[in-house]
Amino acid sequence: MSPVTYWRGTMMANAAKDPLWKAKVSHEVAINPSHKVALEDKCTTCHAPMGKFSHDEFNLGPYSMADLEIDSLGQDGVSCLSCHKQSTENLGNENSGVLHFIGAPVAYGPFGKPFEAPMQDLAGILPVYSEHINDAGVCAGCHTLLTESVDLDGNLTGTTFVEQATYHEWLNSAYDDGQSIATTCQGCHMPRIEDEVVISANYPELLFPREPYALHELVGGNTFMLKILKQNATTLGVAASDEVMDSTIARTLKMLQQQTLDLDLTFGTFSNDTGFFSVRLENKAGHKFPSGYPSRRAFVEFGVIQNDGDTLFQSGVLQSDFEVAGHD
């Protein structure tokens with residue numbers, strides 16, 4: 001049981017190293033150079049929250065991509081205290097990187113009467129029980145993003161654009177039943193096991209096991225970027241081993257295949273030389289599919305193949321340049 005090992009291979013751990021994100025920030029700045037300071041300060045708020053908020057604590061001004069590059073705390077991406085230090089202040093009602101951290105050196109956890117010595121001795125942090133750590137509102141501050149829109153000349157319009165709304169999609173779904181942890185963000189992305197787990201390697205004679213235990217898998221659906229991170233680990237500064245990256249990719253693929261979407265294909269009828277099929281897609285996620293960054297999309301690949309392997313018909317085929325063949 002190693003939360004940090006699970007975490008190290010995730011998109012959360014590598015949020016500040018994600019090359020697509022960094023390229024997109026660079027692109028936005030190139031299009032709207034007059035908004036460079038605001039863009040970088042906003043984007044780093046969620047991709048490097050500990051670096052950004054520590055920077056703010058010392059009143060060092062806006063946090064830039066240049067600041068991030070030389071900040072080891074920021075390079076940790078969405079690390080432990082990004083979640084475990086969030087307070088209950090306005091929980092679930094904030095967005096766009098507005099996060100409220102408690103000033104005291106504490107870390108909130110889900111187990112009552114925590115044994116304090118290991119964390120206090122080794123990290124100088126007091127573990128404190130709070131039920132809000134299982135609340136989906138912990139995810140809200142970063143997983144809904146409203147951006148200020150500009151016109152083609154780069155002038156602010158005074159309106160906002162809902163760029164990403166994963167938390168609010170969940171909030172307005174059947175999954176938000178207000179009763180079960182299993183249907184929160186944490187319930188899917190940090191699955192519980194009933195095994196009794198000792199969560200520290202020190203003080204063995206004084207520790208007692210806890211359950212249920214939330215695995216810090218933190219996977220979504222982005223196998224594509226995880227593979228890029230693994231293949232370019234040295235260049236990008238990824239700390240996870242190939243073995244850890246492979247296990248994260250496998251868990252991500254499992255979530256995509258088993259917890260994301262059900263597909264049902266039924267044959268209808270023939271009419272002259274035309275066959276009719278019915279395709280039913282059922283979203284099993286607690287939010288839209290795809291969700292998050294708006295360039296993401298899903299498509300159905302459909303093929304009719306003869307027994308000898310000849311293709312009679314196909315659509316939705318992904319090409320080598322990652323465009324769908326025939327898509328206008």
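List of remarks:
- Condition met for Ala239 (in a loop (DSSP other than H, G, I, E, B) and open to solvent by less than 40 Å² (accessible area, probe 1.4 Å)): no
- All positions within the range 44-65 that are open to solvent by 40 Å² or more (accessible area, probe 1.4 Å) and in a helix (DSSP H, G or I): His47, Phe53, Ser54, Asp56, Glu57
- Checking each residue in the range 209-234 for being hydrophobic (A, V, I, L, M, F, W, C) and open to solvent by 30 Å² or more (accessible area, probe 1.4 Å) picks out Leu218, Phe224, Ile228.
- Which numbered condition Phe289 fails, given (1) in contact with a strand residue (DSSP E or B) (Cβ under 8 Å, 6 or more places away or on another chain); (2) open to solvent by less than 80 Å² (accessible area, probe 1.4 Å): (2)
- In the set (1) buried (at least 21 other Cβ atoms within 10 Å of the Cβ); (2) under 25 Å from Met190 (Cβ atoms), Cys80 fails one condition alone, (1).
- Complete set of residues in the range 88-103 that are farther than 21 Å from Trp170 by Cβ and either among the aliphatic types (A, V, I, L, M) or modelled with pLDDT of 95 or more (or both): Phe101, Ile102
- Residue that is surrounded by the fewest Cβ atoms within 10 Å (Cβ to Cβ) [pool: residues in the range 152-208 that are among the aromatic types (Phe, Trp, Tyr) and more than 21 Å from the chain's Cα centre (by Cα)]: Phe208
The values are calculated or read from the model by the stated rules, or taken from the named source; none is laboratory data. Here the structure is a predicted model, which means the values were calculated and not measured. Cβ atoms come from the backbone with ideal geometry, glycine included; neighbour counts cover every protein chain shown. What goes into the accessible areas is simple: the full protein's heavy atoms, side chains included, and nothing from ligands, DNA or RNA. Shrake-Rupley method; radii C 1.70, N 1.55, O 1.52, S 1.80 Å.
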